[in-house]
1. Within segment B:164-187, restricting attention to residues that are at pLDDT 90 or above and either surrounded by fewer than 20 Cβ atoms within 10 Å (Cβ to Cβ) or over 25 Å from residue B:212 (Cα atoms) (or both), which residue is nearest to the other protein chains (Cβ to nearest Cβ)?
2. Is it true that residue A:309 is buried (at least 23 other Cβ atoms within 10 Å of the Cβ) and in contact with a helix residue (DSSP H, G or I) (Cβ under 9 Å, 6 or more places away or on another chain)?
3. Can you confirm whether residue A:132 is in a helix (DSSP H, G or I) and at pLDDT 80 or above?
4. Taking the condition of being touching a strand residue (DSSP E or B) at 6+ places or on another chain (Cβ under 6 Å) and either within 14 Å of chain B (Cβ to nearest Cβ) or in a helix (DSSP H, G or I) (or both), how many residues in segment A:281-327 meet it?
5. Looking only at segment A:266-280, count how many residues are closer than 11 Å to residue A:155 by Cβ and under 12 Å from the mean Cα position of the chain (by Cα).
6. Does residue B:79 qualify as being buried (at least 21 other Cβ atoms within 10 Å of the Cβ) and out of contact with any strand residue (DSSP E or B) (no Cβ under 8 Å at 6 or more places or on another chain)?
7. List the helices (runs of 4 or more DSSP H) that sit entirely inside segment A:147-243 and contain at least 1 residues that are more than 14 Å from chain B (Cβ to nearest Cβ).
8. Name the residues in segment B:93-104 that are at the interface with chain A (Cβ under 7 Å from one of its Cβ atoms) and assigned to a strand (DSSP E or B), would you?
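The values are calculated or read from the model by the stated rules, or taken from the named source; none is laboratory data. Everything quoted here is computed from the prediction, not taken from an experiment. Cβ sites come from the backbone with ideal geometry, for glycine too, and all protein chains shown count toward neighbours.
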């Protein structure tokens, strides 16, 4: 990659990204308003005093009586100034709600992603090195098992095993309630809480990366340049590391880049199972409560994330693969 | 004592192969300062022999018997680690495919430096790499060392491979078809380079090839292999001019001799196709990025008369395939006229074009990629006529006749393409084209993926069909010997333009354009006339 092209590339990509995000915002808006039921009726229903006038009053207050295109215009104008609206249910600005929850989700997905990538590539490489042996079979069976098992079930089983039977790890939450830990102790406490949900979320992706790494390693191992390396007397370990693995990782990077974005969305289930206070759970609660502004805010945040991860992947790709031009 | 001695080498094939041994009882020597060519068709065991010497045989191909010495080291008695230490230092190897033989993610300088580093010469790498790149005549070695392989042409990459192989001045260089994937002019440069370096350093070279022209160009001694055995071995001049074994004779007889065939369909003055001012430009980018524009075809006017064969020769990237694809409408030219019997085809819509498609058919280069692997041969051949409205039963009947015409058993109808060899698949490809009863056949490198004896059979078949059906043919090839044998007239293409066009004998006998002369000078073994038996 030519470093001098980088600023121009970034500028162009950011403009494109902004257009994409804006389009997503508009799509989300229509999608949510296409669903039956509105927040006013839910709130009115829960308050018990649901007469037509009260409902009308709530709708006026939330701006739901305006024509759809006016609502859209107000919303898009808000998003452009980073004002994501106000949650009447939680009596808080949506942006504040999301920013409160985002770090927890990023911590969870980041940990799960790192775990999936490291272990997946390691296991995939090991399996490819010993193709046809018992180690390969064990890794393949493990990977297929995690690939085929539903996330929430893995989560429940892990809780049963590590929390209920062994009582090693906490089964829910992000930190011990009322412990008021500080410093290293607090970090360790969060790490203990993080372990099970991150494992649950990461195992599926680990399986995917292990399978993918194994397949591409085997494919690359047959290529001519690997033979060239052997012909010039490169020791076997170095052949694998420098020649096979580096080339085999290219498709893994592409795949991981796409999934890094999905991971944020995929955390909804795990956050619910482990009561992890992230935006996944926020979205789930907002959905049940018909809390439109929060739901749209979460969608906005996750779409920004996906777009950013894609940009990051492209940059990484340009660094790793000299054939890719940033243009 | 010889530099390399192979004695009684036998390598097993996995069970279920067409023969029990990949190579059997191979005896071969290479002396210092000598180039030994190992010749044979694909599957004859040439590469297995080379890999056995390097200790690079895959586990599925174990050595059953035989011993190999390099100088006074017995290679077959060395541990894997000792063999590894010898590879790259005392013996080195270059491969056929320069496009894939270099690690795409490493700078070429680093790849050469790695060859030095793994043999404990890391400190010398900084000075040696530019030296080595200069020694293989690459321009601006310092800048080139920092380039990644994809920036280099095929010829440049092969030079880098040679530089890498020479890094530690090995006593033995094994070259496995190093010029097969290159254009003729580049091939000649690489052959000269190997020759020059070999004589300068006094290396022994084991040169594997299937091309007798290359043998005539470079060999001191020749070993001919057939089905895993060496059937004839001797000094180059003896084997080339006075071959003793039948198989060697057959191979040499199959070399295109460059003389026109005798049976010619009468060429009339009626024009079938006339291309005027065709232009095709490929561009990349746009919208946000800068545009990169390649003029693939421009200034390529030609006419084809009924019954004649026009050869389109040139190197890769010269635009010959693009021009052919314009004629069959696989590529839309953006300007010019293409008059087929006086009717301009270019402005026609898809529907208006359809009746003409039948009359212009194409045979493709790669017999492995050009047939749908999931369809039966009969369906492949009959598909065209059926889409043009012929009843299915009748089309299948005709497919059977066509298989007979291309000398395949009609029983082939119900089999799948993978059950056939390359030459047989190319026959199927020809039958598929003929099924449409075309008057104009476009053959895009129809024999360049085939072994020389199969190539001769397919060429003979094409000549026979052409004479029988009175076909007009546009024959694309990079092999000038083939062109000379098949074509009535020759058009030489360079960078998208036809630089010279004329009757075959004139173009070859008295080339006007400097590029044509360069091409002719690059035919390997042009000083050798294959003996006639």
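1. B:164
2. Spelling it out, it is not the case that residue A:309 is buried (at least 23 other Cβ atoms within 10 Å of the Cβ) and in contact with a helix residue (DSSP H, G or I) (Cβ under 9 Å, 6 or more places away or on another chain).
3. Values: in a helix (DSSP H, G or I): no; at pLDDT 80 or above: yes.
No: the conditions fail for residue A:132.
4. Of the residues in that region, 2 qualify.
5. Matching residues across segment A:266-280 total 3.
6. no
7. Qualifying helices (runs of 4 or more DSSP H): A:151-158, A:183-221.
8. Just the residues of segment B:93-104 that are at the interface with chain A (Cβ under 7 Å from one of its Cβ atoms), to begin with: B:93, B:95, B:97, B:100-104.
Result: B:93, single match.
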